[in-house]
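One structure below.
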């Protein structure tokens, strides 16, 4: 078989089981493609020896006839996941050299299912960013370029390396994490599928924490079917994360029936934002029409507190980040600043954190510190938590009225140029306007490509589902994917 | 609400991040831009709404109270920038 790295997870699984290829062949195909693709800046810590050892073990397991779906499938792991003995830096200088002595629950589940880790993937520092430009490694680059242009575009963020690697066929799937849109926005920018599961579906244990009440890991893949397969392998109860849901994980792939007759799809009027490009409006209307043609009923709905989601997020997420990132003090792991004569422990903390964190991370830690400080806690933090209750209630009311899923654009634009938005933090934050509500309400959301912009760049739609009904959500996404028939791939320039 | 350089310096101190005094004015203006964006939240009447404590309607589970781990001193110290004689080493704290 040729171009093994271009297979989907489902195709690779079937080919492996039929004996048409081996995990070692698949892994070698990906490793040589990765070597060729350094211009994309996706893989930041390569683990080829480990990958080949795991691939050999996977081949043994497949031969024995006892092999889970992911056995032998080469994947990439976002740098935010702790991986035993392998650098795990959250794309930050402050974790330089950090090699965890343990494996995160999600990456351990994938490893135990036989998936082959090829290496660690680029991201925004501590997952704070929407363009992958806050990374200490430098940005990952989108394999897509606008027609006739040689300008490098962002793959989105924070899971930009994961999205770019999957879009460029460097791996068959990748892990991402999503705190405000960090799986879905990069998926939309790269023509890939990204699933953010319900809060509590994936264990957060061993994933470097950003905002614990919002963080959720999920799969980034080439197809909805692959998201179903990889997602199911990542999810499940974990006693080591007290917020992990003790619920069975269904066989999502078996739920991809392609039948959504009688389902009700909500179209929220508040997502029609000022200045939205016409091609995004059209993409959205076309997507709705496809679901209607498949037998779903469309319903105009209102989620009245939508416009307050981003401001609430930019209180809650920095507040939680300022607490979570207090642990980076130069004492127990990672970077420590050089001290001057007479410096004490306070200078050790202050210099280490000043030198170890990048500008955006420092900005968010300090905003978080401010909104939690005496005198402002009620005005900012408690108010934001109250608004969060209202945002969640908006969704609960819509679901209680019989809506099965909600269709929205995934992003307000196609991928933008690297360097274009770094100067204005608030403008960068607006990237998450359609995705952040889902994190605040703890819901599952999936982004998938359904069209191309006039410049030839992928555009994605988002479907939002009821809590813990990822199977139903993915089935609706599968119908949309089939109807949209998105097959475009980036032209190789790298 | 507007943040002056003195407040910016206080926040940096609370966050244990060293900031060069020359950078305080631009830091304060960045804070003000972000807080201006957040200010929209004050448009809403939330007096009757409970602050969210957990997004999922579930009780946190208590683990069985038993020892499951331990005796990993070398692993715990393996990533320390400065470890000596089984301890994390830091500059002198007590005179």
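Out of the residues in the stretch A:1-25 that are in a helix (DSSP H, G or I) and in contact (Cβ under 8 Å) with a residue 60 or more places away in the chain, which is nearest to residue A:66 (Cα to Cα)?
Per the stated criteria, the residue is A:13.
Determine which single condition residue A:283 fails, assuming it passes every other condition in (1) more than 8 Å from chain B (Cβ to nearest Cβ); (2) farther than 23 Å from residue A:427 by Cβ; (3) touching a strand residue (DSSP E or B) at 6+ places or on another chain (Cβ under 9 Å).
(2)
What tally of residues in the stretch B:1-12 results from selecting those that are exposed (fewer than 15 other Cβ atoms within 10 Å of the Cβ) and at the interface with another protein chain (Cβ under 10 Å from one of its Cβ atoms)?
Final tally of qualifying residues: 1.
Among the residues of the stretch A:291-312, write down those that are closer than 20 Å to residue A:460 by Cβ and either buried (at least 20 other Cβ atoms within 10 Å of the Cβ) or within 14 Å of another protein chain (Cβ to nearest Cβ) (or both).
Matches in the stretch A:291-312: A:291, A:296, A:303, A:306, A:309, A:310.
Kindly evaluate residue A:416 against the criterion of being touching a residue at least 60 places away in the same chain (Cβ under 8 Å) and on the phi > 0 side of the Ramachandran plot.
no
Which residue out of A:176, A:194, A:180 is more than 19 Å from residue A:458 (Cβ to Cβ) and either at pLDDT 95 or above or assigned to a helix (DSSP H, G or I) (or both)?
A:180
Does residue A:412 fit the bill of being at the interface with chain B (Cβ under 7 Å from one of its Cβ atoms), closer than 29 Å to residue B:45 by Cβ and under 24 Å from the mean Cα position of the chain (by Cα)?
no
Which of the residues spanning the stretch A:2-26 are farther than 22 Å from residue A:490 by Cβ and in contact with a helix residue (DSSP H, G or I) (Cβ under 9 Å, 6 or more places away or on another chain)?
Scanning the stretch A:2-26 gives A:13, A:15, A:16, A:17, A:19, A:20, A:21, A:22, A:23, A:24, A:25.
Restricting the first residue to the stretch B:23-46 and requiring it to be more than 10 Å from every other protein chain (Cβ to nearest Cβ) and assigned to a helix (DSSP H, G or I), which pairs with a second residue that is surrounded by 17 or more Cβ atoms within 10 Å (Cβ to Cβ) and at pLDDT below 95 meet a Cβ separation below 6 Å and a spacing of at least six or different chains?
B:28/B:3; B:32/B:3
Of the residues that make up the stretch A:101-118, is at least one surrounded by fewer than 24 Cβ atoms within 10 Å (Cβ to Cβ), in contact with a helix residue (DSSP H, G or I) (Cβ under 7 Å, 6 or more places away or on another chain), at pLDDT 95 or above and under 16 Å from residue A:489 (Cα atoms)?
no
Looking at residue A:397 and the list (1) surrounded by fewer than 17 Cβ atoms within 10 Å (Cβ to Cβ); (2) out of contact with any helix residue (DSSP H, G or I) (no Cβ under 9 Å at 6 or more places or on another chain); (3) closer than 29 Å to residue B:24 by Cα, which single condition is not satisfied?
With (1) surrounded by fewer than 17 Cβ atoms within 10 Å (Cβ to Cβ); (2) out of contact with any helix residue (DSSP H, G or I) (no Cβ under 9 Å at 6 or more places or on another chain); (3) closer than 29 Å to residue B:24 by Cα applied to residue A:397, the lone miss is (3).
Which of the residues that make up the stretch A:355-382 are surrounded by fewer than 18 Cβ atoms within 10 Å (Cβ to Cβ) and in contact (Cβ under 8 Å) with a residue 12 or more places away in the chain?
Correct list: A:355, A:359.
Which condition does residue A:404 not pass, out of (1) touching a residue at least 24 places away in the same chain (Cβ under 8 Å); (2) within 28 Å of residue B:17 (Cα to Cα); (3) under 24 Å from the mean Cα position of the chain (by Cα), if it passes all the others?
Of the numbered conditions (1) touching a residue at least 24 places away in the same chain (Cβ under 8 Å); (2) within 28 Å of residue B:17 (Cα to Cα); (3) under 24 Å from the mean Cα position of the chain (by Cα), the odd one out for residue A:404 is (2).
The conditions are (1) surrounded by fewer than 19 Cβ atoms within 10 Å (Cβ to Cβ); (2) touching a strand residue (DSSP E or B) at 6+ places or on another chain (Cβ under 8 Å); (3) within 23 Å of residue A:475 (Cα to Cα), and residue A:258 fails exactly one of them. Which is it?
(2)
Give the stretch A:74-100 a look and list any residue that's surrounded by fewer than 22 Cβ atoms within 10 Å (Cβ to Cβ), closer than 13 Å to residue A:44 by Cα and touching a strand residue (DSSP E or B) at 6+ places or on another chain (Cβ under 7 Å), or say none.
Of everything in the stretch A:74-100, those that are surrounded by fewer than 22 Cβ atoms within 10 Å (Cβ to Cβ), closer than 13 Å to residue A:44 by Cα and touching a strand residue (DSSP E or B) at 6+ places or on another chain (Cβ under 7 Å) turn out to be A:86, A:87.
I'd like to check something: does the stretch A:152-165 contain any residue that is at positive phi and within 12 Å of the chain's Cα centre (by Cα)?
So far as the stretch A:152-165 goes, yes, one or more of its residues are at positive phi and within 12 Å of the chain's Cα centre (by Cα).
Restricting the search to the stretch A:355-378, which residues are part of a helix (DSSP H, G or I), more than 7 Å from every other protein chain (Cβ to nearest Cβ) and in contact with a helix residue (DSSP H, G or I) (Cβ under 8 Å, 6 or more places away or on another chain)?
A:355, A:356, A:360, A:361, A:364, A:368, A:371, A:372, A:377
Is at least one residue of the stretch B:87-95 touching a helix residue (DSSP H, G or I) at 6+ places or on another chain (Cβ under 7 Å), surrounded by 10 or more Cβ atoms within 10 Å (Cβ to Cβ) and within 30 Å of residue A:306 (Cβ to Cβ)?
Scanning the stretch B:87-95 turns up no residue that is touching a helix residue (DSSP H, G or I) at 6+ places or on another chain (Cβ under 7 Å), surrounded by 10 or more Cβ atoms within 10 Å (Cβ to Cβ) and within 30 Å of residue A:306 (Cβ to Cβ).
If you go through the stretch A:64-91 one residue at a time, how many are within 14 Å of another protein chain (Cβ to nearest Cβ) and farther than 23 Å from residue B:74 by Cβ?
Total meeting the criteria: 1.
Would you mention how many residues in the stretch A:423-471 are within 13 Å of chain B (Cβ to nearest Cβ) and within 18 Å of residue A:154 (Cα to Cα)?
10
Go through the stretch A:333-354 and count every residue that is more than 8 Å from every other protein chain (Cβ to nearest Cβ), crowded, with 17+ Cβ neighbours inside 10 Å and without any contact (Cβ under 8 Å) to a residue 60 or more places away in the chain.
Number satisfying all stated conditions: 1.
Restricting attention to the stretch A:57-88, which residues are under 21 Å from the mean Cα position of the chain (by Cα) and in contact (Cβ under 8 Å) with a residue 60 or more places away in the chain?
Those that are under 21 Å from the mean Cα position of the chain (by Cα) and in contact (Cβ under 8 Å) with a residue 60 or more places away in the chain: A:70, A:73, A:74, A:75, A:76, A:77, A:78, A:79, A:80, A:81, A:82, A:88.
Looking at residue A:242, is it at pLDDT 95 or above and in a loop (DSSP other than H, G, I, E, B)?
No, not satisfied.
So which of A:67, A:91, A:29, A:57 ends up being in contact with a helix residue (DSSP H, G or I) (Cβ under 6 Å, 6 or more places away or on another chain) and over 30 Å from residue A:150 (Cβ atoms)?
The match here is A:67.
The values are calculated or read from the model by the stated rules, or taken from the named source; none is laboratory data. None of the values given here were measured: they were computed from a predicted structure. Note: ideal-geometry Cβ built from the backbone for every residue, glycine included; neighbour counts use all protein chains shown.
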